[in-house]
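Contents: one structure, followed by commentary.
The values are calculated or read from the model by the stated rules, or taken from the named source; none is laboratory data. Model, not experiment: these values are computed from the prediction. Counting neighbours? That spans all protein chains shown, and the Cβs are built from the backbone with ideal geometry, glycine included. Heads up: the accessible areas ignore ligands, DNA and RNA and are worked out on the full protein's heavy atoms, side chains in. Shrake-Rupley method; radii C 1.70, N 1.55, O 1.52, S 1.80 Å.
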Amino acid sequence: MSEPVIKVENLNKTFFANQSSSIRNTLLRGMVKKNVSKKQILALENINFEVHKGEFFGIIGRNGSGKSTLLNILMGSIRADKGSQIISSGKMIRLALGMGFDPNLSARDNIYINGSILGLTFKEIGFLFDEIIDFAELNDFVDVAVKNFSSGMMSKLKFSIAIHAKADIFLMDEFFGGVGDVSFKKKSTEVFQNTFLDGRTILHVNHNLKLIEQHCTRVLVLDKGKQLFCGDVMDGIELYKNLYAKDVSKKLSKPAQPTK
Amino acid sequence: MSIINTILNPVVELLPENNRLERIWKLAQVDFKKRYYNDKLGLLWALLNPASKIAIYYFVFSILMEDRRIENFALFLFAGLLLWMAFSECTNKAMGLIKSKKYLIENIQFNQIDLFISATISVFLGLGFNLIAYFFICLIMGLSLTWNVLYLVVILFNVFIICLGASLILATIGIYIKDIKHLWAIGLIAGFWTSGIFFEGELILEKFPAFVFINPFLGIIMNMRSISMYEQAPDFNILVINMIFGIVTFIVGIFVYKKFSHKAIELL
């Protein structure tokens with residue numbers, strides 16, 4: 001097997017709640033010298049995994065299981081606790097449909113900014129420009145401010161830019177083709193699955209188990225910040241489904257307390 | 001709108017084909033453009049605004065108050081104001097910058113200092129238009145410009161690194177202490193009145209010579225007036241002091257930001 005492009009060992013992340021950050025509180029804390037009750041939340045605990053080049057790696061877990069925190073740490077926008085080891089080689093980009101468009105700017109400007117963010121030079125964007133606009137079916141709206149776009153037009157445009165992203169590793173946050181109306185959904189899913197996914201290293205967070213099952217080679221299952229499983233897709237999905245089943249049965253076995 | 005594009009776009013051609021430089025430039029350009037986006041007159045506002053300011057100062061101080069102690073008081077005032085405004089705009093913007101550019105920081109690995117560079121460049125584009133208006137009116141008022149005006153480049157560079165350094169320091173403090181904004185507002189007022197904008201900086205220097213080390217704008221504004229209004233070379237001692245102040249601010253800014261900014265997104 002090839003070299004791992006991402007290697008995570010013993011990753012921990014603690015958040016401190018009640019971290020007050022006003023001048024008054026900072027001064028007070030200094031004067032009283034008492035630790036104002038710092039509530040610790042262990043968002044991720046002892047996570048270990050490797051992702052290899054060209055692999056399609058899935059991350060699943062329920063809401064609040066730490067998926068987004070993990071992606072933030074990999075991106076470097078949040079720092080993990082001391083002692084955690086994260087080695088990654090190559091440029092990483094996070095693709096999410098919530099990615100930034102400035103509503104006051106035209107489609108043209110937004111394409112240039114986002115394209116640049118996604119690693120393209122202006123020259124390359126110039127070459128791709130017509131293609132992006134054509135694909136997004138927005139030929140008549142190139143110089144219209146994006147705030148006048150419908151949400152469908154917006155997501156079409158975002159998708160059309162995002163598939164041109166240039167990076168070594170892609171972190172996909174609930175991002176997977178299929179946006180817009182029926183015809184565009186079909187088109188985008190096709191392009192995405194046939195050309196984009198080909199040979200790229202991808203970390204994919206999604207709740208859609210069908211997609212995970214279809215594309216991923218391995219999967220990481222998180223629950224409440226803990227790593228439950230890392231390995232074969234089918235086993236992981238099975239485990240994930242069981243989590244829900246367990247929870248549901250727990251709720252069912254505990255009848256509501258009768259109120260007196 | 002389109003005027004801004006035609007003026008600013010060709011600059012890209014001059015840059016080497018480099019993703020990072022292009023991004024810095026584009027963010028600055030767009031930031032600047034947004035201010036004049038929906039306006040009919042667009043870019044003209046960038047020139048009308050300073051010109052009308054000078055007209056108002058002229059009316060109030062030279063006609064209404066008949067203040068003759070300082071010649072060309074309107075220009076005297078504006079020479080100081082335009083540099084000070086750039087500084088105050090930069091630093092105020094810097095404190096909200098991480099929040100407003102969160103979508104970039106979260107989605108791509110890049111040097112966050114780039115954001116501050118482009119924000120400062122965008123303010124300096126505005127300053128550029130102010131300077132055009134300023135020099136234009138200087139000529140109308142019958143002042144003659146000498147080669148000393150070329151020192152403007154040095155002064156602008158000095159202001160730029162001070163702005164950038166101060167932005168980085170304030171943004172870093174702002175991550176941990178959210179109400180730094182209010183404290184800085186007071187600091188800005190103190191800075192304003194110790195920069196010799198409304199009066200001659202020499203007045204402060206006579207009583208408190210040490211101020212030249214504390215507030216760089218005191219010296220910068222004096223030099224700005226020397227080169228643009230009085231056909232003089234700048235005071236080189238002050239110039240060197242200011243430049244050292246700028247370089248130190250810049251280095252401290254970069255160091256502080258690199259060291260302490262990693263909690264930015266978490267504490268937002």
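Matching residues to (1) modelled with pLDDT of 90 or more; (2) among the aliphatic types (A, V, I, L, M); (3) open to solvent by 10 Å² or more (accessible area, probe 1.4 Å):
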residue	(1), (2), (3)
B:Ile155	yes, yes, no
B:Val159	yes, yes, no
B:Ile186	yes, yes, yes
B:Pro234	yes, no, no
B:Asn237	yes, no, yes
B:Ile254	yes, yes, yes
| remark: When (1) within 13 Å of chain B (Cβ to nearest Cβ); (2) open to solvent by less than 30 Å² (accessible area, probe 1.4 Å); (3) assigned to a helix (DSSP H, G or I) are applied to A:Gly100, the one that fails is (3)
| Are any residues in segment A:139-196 within 21 Å of A:Ile125 (Cα to Cα), small (Gly, Ala, Ser) and not in a loop (DSSP other than H, G, I, E, B), and if so, which ones? | A:Ala145, A:Ser155, A:Ser160, A:Ala162, A:Ser188
| Out of all the residues in segment B:202-224, is one or more modelled with pLDDT under 95, open to solvent by 60 Å² or more (accessible area, probe 1.4 Å) and within 20 Å of the chain's Cα centre (by Cα)? | yes
| For segment A:171-181, does any single residue satisfy the condition of being more than 9 Å from chain B (Cβ to nearest Cβ), over 25 Å from A:His204 (Cα atoms), without any contact (Cβ under 8 Å) to a residue 60 or more places away in the chain and open to solvent by 60 Å² or more (accessible area, probe 1.4 Å)? | no
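Checking the condition surrounded by 13 or more Cβ atoms within 10 Å (Cβ to Cβ), more than 24 Å from B:Phe110 (Cα to Cα) and of a type outside the set (D, E, K, R), which residue from A:Phe122, A:Phe129, A:Phe149 passes?
A:Phe149
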| field | segment A:75-95 - residue that is assigned to a loop (DSSP other than H, G, I, E, B) and among the basic types (Lys, Arg) and, of those, nearest to the other protein chains (Cβ to nearest Cβ) | value | A:Arg79
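Out of A:Phe141, A:Phe184, I need the residue that is open to solvent by 30 Å² or more (accessible area, probe 1.4 Å), more than 9 Å from chain B (Cβ to nearest Cβ) and in contact with a helix residue (DSSP H, G or I) (Cβ under 7 Å, 6 or more places away or on another chain). Which one? Full working, then the answer.
Values: A:Phe184 fails: open to solvent by 30 Å² or more (accessible area, probe 1.4 Å).
Testing whether each residue is open to solvent by 30 Å² or more (accessible area, probe 1.4 Å), more than 9 Å from chain B (Cβ to nearest Cβ) and in contact with a helix residue (DSSP H, G or I) (Cβ under 7 Å, 6 or more places away or on another chain) leaves just A:Phe141.
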| request: Please go through segment A:103-122 and pick out each residue that is under 26 Å from A:Asn206 (Cβ atoms), over 16 Å from the mean Cα position of the chain (by Cα), assigned to a loop (DSSP other than H, G, I, E, B) and more than 7 Å from chain B (Cβ to nearest Cβ). | output: A:Leu120
| Subset of segment B:173-201 [in contact (Cβ under 8 Å) with a residue 12 or more places away in the chain, away from chain A (no Cβ under 13 Å) and part of a helix (DSSP H, G or I)] | B:Leu188, B:Gly191, B:Phe192, B:Gly201
| remark: A:Gly76 fails exactly one of (1) in the same structural domain as A:Phe129 (by TED's automatic domain parsing); (2) open to solvent by 10 Å² or more (accessible area, probe 1.4 Å); (3) under 20 Å from B:Ser100 (Cα atoms), namely (1)
| task | Within segment B:137-145, identify whether any single residue is small (Gly, Ala, Ser) and more than 14 Å from every other protein chain (Cβ to nearest Cβ), and answer yes or no. | result | yes
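Before we move on, is B:Leu150 under 30 Å from B:Glu71 (Cβ atoms) and either among the polar types (S, T, N, Q) or at pLDDT below 90 (or both)? I'd like the intermediate steps shown before the answer.
Numbers: under 30 Å from B:Glu71 (Cβ atoms): yes; either among the polar types (S, T, N, Q) or at pLDDT below 90 (or both): no.
No, not satisfied.
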| note | Subset of segment B:145-172, residues more than 14 Å from the chain's Cα centre (by Cα) and in a helix (DSSP H, G or I), comes to B:Trp147, B:Asn148, B:Val149, B:Leu150, B:Tyr151, B:Leu168, B:Ile169, B:Leu170, B:Ala171, B:Thr172
| remark: Restricted to segment A:62-73 and to residues being touching a residue at least 40 places away in the same chain (Cβ under 8 Å) and on the phi < 0 side of the Ramachandran plot, the residue surrounded by the fewest Cβ atoms within 10 Å (Cβ to Cβ) is A:Arg62
| task | Among the numbered conditions (1) without any contact (Cβ under 8 Å) to a residue 40 or more places away in the chain; (2) within 30 Å of A:Ile59 (Cβ to Cβ); (3) surrounded by fewer than 18 Cβ atoms within 10 Å (Cβ to Cβ), tell me where A:Ala136 comes up short. | result | (3)
| message | Just the residues that are open to solvent by 60 Å² or more (accessible area, probe 1.4 Å), of a type outside the set (A, V, I, L, M) and not in a helix (DSSP H, G or I), please, taken from segment B:52-76. | response | B:Glu66, B:Arg68, B:Arg69, B:Glu71
| task | Select from segment A:201-233 the residues that are surrounded by fewer than 16 Cβ atoms within 10 Å (Cβ to Cβ) and touching a residue at least 40 places away in the same chain (Cβ under 8 Å) and write down the one among them that is farthest from A:Ile41 (Cα to Cα). | result | A:Thr217
| request: Check segment A:173-180 and report whether any residue there is closer than 30 Å to A:Glu9 by Cα and of a type outside the set (Asp, Glu). | output: yes
| message | Quick test of your reading of the structure: A:Leu105 fulfils all but one of (1) closer than 28 Å to A:Glu131 by Cβ; (2) open to solvent by 20 Å² or more (accessible area, probe 1.4 Å). Name the failing condition by number. | response | (2)
